[in-house]
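What follows is a short report on a single structure.
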Amino acid sequence: MSKQRAKLVVGNWKMHGRLAENAVLLEAVARGAGELPESVRVGVCVPGLYLAQAQALLDGSRVVWGVQDVSAFTQGAYTGEVAAPMAVDFDASLAIVGHSERRAYHRESSELVAVKAQRVLEAGLTPIVCVGETLEERNAGETEQVVGAQLDAVLAKLSPQEAVRIVVAYEPVWAIGSGKSATAQQAQDVHAFLRARLVAKSVAAADVPLLYGGSVKPGNAEELFRQPDIDGGLIGGASLKDQDFLAICKAAGAVSVTQ
Ligand code: PGA
């Protein structure tokens, strides 16, 4: 088996967790991450209200933390929104933007996602830009067109220097929370396409981690992470169970090397 580059595994808790259970999970993940090889980087994106808790319990550990969305504005009369600089106050380093649940339930367009990615970069955080097709789009043979357009919208607003600071997560909508992951080959094919798209836009694509997300579990993680263009994972359901999340991180460690 060929060894590959460093991997990044990020948990997306979505709207789960309460103080007491978060503490148990965060402490277990921080402890477990300490035993992972250097070649694996680990993060958790928590509900914004729990950033202070993540900061308190993860500070000094190998685990970085972040939010699952940010406002397209820096500050102002936007009731209910949380701005990227607010996450910086809690030493966050990651912010997911354009998750398919936000695109679907909050009608976020690719243009809005692009503005959010800009706000995240301006604040000094790393945006994890999510792209992905629906089952209908896949069945219609439109996967590349859909994810290509989603990525292009973000790249259109960024300089090549800014673009190398993003992370892209390919999350097929039909695989999220469904228990039905893309096969390693299906994911690799889209990742290779995304990598080529970055290159076509003059982005140093080797520097942009491409994560796969959608029903990643301990049982399928290693095969996914072994693919040459899969640099790690964005993990939903399995990130809520410390043993599963750490097993996924370990699988990343088994197929990666420090760059
Ligand atoms: P899942 O979610 O791992 O529960 O499928 C992934 C995601 O939506 O980020």
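The values are calculated or read from the model by the stated rules, or taken from the named source; none is laboratory data. Here the structure is a predicted model, which is why all the values come from computation and not from measurement. Note that each Cβ is placed from the backbone with ideal geometry, even for glycine, and that neighbours are counted across all protein chains shown. Side chains included, ligands, DNA and RNA excluded: accessible areas come from the protein's heavy atoms. Shrake-Rupley method; radii C 1.70, N 1.55, O 1.52, S 1.80 Å.
Whether any residue in segment 37-59 is surrounded by fewer than 21 Cβ atoms within 10 Å (Cβ to Cβ), free of Cβ contacts under 8 Å to residues at least 12 places away in the same chain and not aliphatic (A, V, I, L, M) is what I want to check.
No - not one qualifying residue is present in segment 37-59.
Helices (runs of 4 or more DSSP H) wholly in segment 33-140 with at least 1 residues that are away from the ligand (no atom under 16 Å from the Cβ) - which ones?
Where helices (runs of 4 or more DSSP H) fall fully within segment 33-140 and carry at least 1 residues being away from the ligand (no atom under 16 Å from the Cβ), they are 51-58, 84-88, 110-122, 135-139.
When you scan segment 24-33, do you find a residue that is in contact (Cβ under 8 Å) with a residue 40 or more places away in the chain, open to solvent by 10 Å² or more (accessible area, probe 1.4 Å) and closer than 22 Å to V255 by Cα, even just one?
yes
Starting from residues that are within 16 Å of the chain's Cα centre (by Cα) and open to solvent by less than 10 Å² (accessible area, probe 1.4 Å), keep the ones in segment 195-213 and report whichever is modelled with the lowest pLDDT.
Only one residue tops the list, namely V208.
When residues of segment 214-234 are filtered for being away from the ligand (no atom under 16 Å from the Cβ) and open to solvent by less than 60 Å² (accessible area, probe 1.4 Å), how many remain?
2
Show the residue pairs that are 6+ apart or on different chains and have beta-carbon atoms under 9 Å apart, the first residue being within segment 219-246 and at positive phi, the second being assigned to a loop (DSSP other than H, G, I, E, B) and open to solvent by 10 Å² or more (accessible area, probe 1.4 Å).
G232/A6; G232/P209
Any chance segment 176-190 includes a residue that's assigned to a helix (DSSP H, G or I) and buried (at least 22 other Cβ atoms within 10 Å of the Cβ)?
For segment 176-190, residues assigned to a helix (DSSP H, G or I) and buried (at least 22 other Cβ atoms within 10 Å of the Cβ): present.
Please determine whether any residue of segment 237-245 is within 15 Å of the ligand (Cβ to nearest atom), in a loop (DSSP other than H, G, I, E, B) and either touching a strand residue (DSSP E or B) at 6+ places or on another chain (Cβ under 7 Å) or under 26 Å from M15 (Cα atoms) (or both).
Yes, some residue in segment 237-245 is within 15 Å of the ligand (Cβ to nearest atom), in a loop (DSSP other than H, G, I, E, B) and either touching a strand residue (DSSP E or B) at 6+ places or on another chain (Cβ under 7 Å) or under 26 Å from M15 (Cα atoms) (or both).
List pairs: first residue in segment 181-204 and closer than 19 Å to A221 by Cβ, second residue assigned to a helix (DSSP H, G or I) and open to solvent by 10 Å² or more (accessible area, probe 1.4 Å) anywhere in the structure, Cβ distance under 7 angstrom, at least six positions apart or on different chains.
S181/N220; A184/E223; V190/T143
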